[in-house]
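Report on the structure given below.
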Amino acid sequence: MERQTNNSTDKFVNITWQPNPKIKKALHKQIVDYISAKVASGDWTVGSKLPPQRELAKLFGINRSTIINAMETLKSYGIIDADYGGGTKIACNTWSLLMSSPPDWNKYIASGPFKPNLPTIQLINRLEFDKNFIRLGTGELSPQLFPQDMLADIFRTLPAKISSLNYLEARGLSELRESLVQRLALRGINVKPSNILITSGSLQALQLISVGMLKPGAQVYTETPTYLKSLQVFQSAGISFTGIAMDKSGLVPWKIGKVPNGSLLYTIPTYQNPTTLVMTVERRREVFDFCSKHRLPILEDDAYGELYFDGEVPPLPIKALDNSGVVLYTGTISKTLAPGFRVGWLVGPESVVNRLADVKMQMDYGASSLSQWALTEIFDSGAYDEYLSKLGLQLKERRDIALEALDKNFSDIAAWDTPTGGLYIWLRVNSKISSDKLFQEALNKNILLNPGSVYDYKENKNIRLSFAYANKEDLAKGIATLGDIIKNYG
């Protein structure tokens, strides 16, 4: 597993190797050979930065004098260049060209149309796999909530039901789509299997729409703040975002104004990410009526709709109001069961489903056949609904632990609402500290957050706090530590 070299957003090369003190070759020569090979192979491109010498010594498990010796050798070869104040970088030089002639990958990387993720999101994505961090921002279920017994029973039955694991038809496994027709009907969505496309998670549905249906320069309206702002999937297709304000009832559609042709409205009306706000029944009707009138298609993301507790069932999806194909609706198993299944679904008019199915087949030739068969059995056996009932109780317990810790540590420095479902608490911090600064300070205490700035169109001091991932002890401990950081900042 790659070892993180730094807790800042600076991009250092990844070090996944240590010299071997048991072999005859001197340690500093092993380091010279390792770095030379990484440069020669093109793994480390010209301009890549090495970590500071103290950090290198720690990563390599050796003393600093050995590092200095290796760095001097590499510098004499012209492989590295030490710039005062700028750190140590891989240099462009005759020596490295003599070792091999790799392409200048930096030029290729910079020219690709898909935009890099936000530096903060890149860092979060790396550190989420570091077991030293308490993950207070992660938007997935804890391994402690994984239904191992249920899945063991399901997978024991699969061999008798699976005829093959060959490629499936473009829209996905017909049995799974039949099962989804029945489940969607319980939520007021009446469609046929031909109206459903199985995707590799609901995020792929967004990508398919961005490249398969929207023109460069198209306008996408979203709630503000919104999960979509933390992604680059639409921006990479040359599509613009406009944030629309929310009130306590949800997104305010009459603030959209004049709607250009080819635009789209993206909304998460149920346990909105990151705020966990639930759009009221009346507001859902207002959003639908506005979009119908202005011929503005709606992309409804319902990733959290089944994650309710406190006995408060959320309103039916906006899609339940739709008899004319205004709404594209997406769902997923990633938030309720396990993201590793990589299964989501898009519901819409047959023309849209067929178009996106064609695009999907060009991308990956279909979502996992095994996952689709397994999910069909999970749905049809009744095990999933029983599991959801238990999960709701467990999430409620975790939410209550988080609320108790917030009451103890944040009563005078933040405000929040009590969610009745979903995975998050939207924490509105009353402090001089910015969410980005708090993110960095928390990293120093081995706490990983999702700062509100990655979800918004402007700077804010909010935090998306997840109560779903960290174990219950770490959840309370992490919140207490977070409170101390903010109070000590002043």
TODO: Using Cα pairs closer than 8 Å and at least 6 residues apart in sequence, work out the relative contact order for the chain, in percent.
DONE: 18
TODO: Taking every pair of Cα atoms in the stretch 258-356, average 1/r, invert it to obtain the Kirkwood radius, and report Rg/Rh to two decimals.
DONE: 0.98
Open item on the list: Output the 0 to 90 degree angle, nearest 10, between the alpha-carbon long axis of helix 350-363 and the longest principal axis computed from the alpha carbons of the chain.
Closed with: 20
- [ ] Take every DSSP beta bridge with both residues inside the chain and express the antiparallel ones as a percent of the total, to the nearest 5.
- [x] 60
Task: Along principal axes, Cα extents of the stretch 148-381, largest first, whole Å - done: 56, 43, 32
TODO: Please sort 260-268, 155-163, 282-290 by packing, taking for each peptide the average over its residues of neighbouring beta carbons within 10 angstrom, highest first.
DONE: 260-268, 282-290, 155-163
Task: Rg/Rh ratio calculated on Cα atoms of the stretch 204-244 (Kirkwood radius) - done: 0.93
Task: Theoretical FRET efficiency, 1/(1+(r/R0)^6), r = Cβ-Cβ of Glu459 and Trp254, R0 25 Å, to 0.05 - done: 0.40
Task: Degrees between helix 202-212 axis and first principal axis of the chain (Cα, 0 to 90, nearest 10) - done: 90
Open item on the list: Need one number: convex hull volume per residue for the stretch 421-490, Cα atoms only, in Å³.
Closed with: 87
Open item on the list: Between Ile162 and Glu72, what's the calculated FRET efficiency when r is the beta-carbon distance and R0 is 51 Å? Round to 0.05.
Closed with: 0.25
Open item on the list: Can you list residues from other chains, or at least 5 along the same chain, whose modelled amide H is less than 5 Å from the amide H of Ala414?
Closed with: Asn430
- [ ] Assuming 1.002 mPa s and 20 °C, estimate D for the stretch 252-296 with Stokes-Einstein, Rh taken as the Kirkwood radius over Cα pairs, in µm²/s.
- [x] 189
- [ ] At 0.36 nm per residue, minus the direct Cα-Cα distance, what do Asn190 and Asn444 gain on full extension? Give it in nm, one decimal, please.
- [x] 86.4 nm
Task: All Cα pairs of the chain, percent lying beyond 29 Å - done: 58
TODO: Would you compute, for the Cα atoms of the stretch 311-367, the largest minus smallest coordinate along each principal axis and list the three values in descending order, in whole Å?
DONE: 42, 33, 8
Task: the stretch 306-404: Cα Rg divided by the 2.2 N^0.38 Å rule of thumb - done: 1.32
TODO: Rank-order 172-179, 74-81 by packing density, defined as the average count of other C-beta atoms within 10 Å over each peptide's residues, highest first.
DONE: 172-179, 74-81
Task: Values of log10 I(q)/I(0), in the order q = 0.13 Å⁻¹, for the stretch 337-490 under a Debye, Cα-only, solvent-free model - done: -0.78
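Values quoted throughout were computed directly from the atomic coordinates according to the rules given, and no laboratory measurement underlies them. None of these values were measured; they are calculated from a predicted model. Cβ sites come from the backbone with ideal geometry, for glycine too, and all protein chains shown count toward neighbours.
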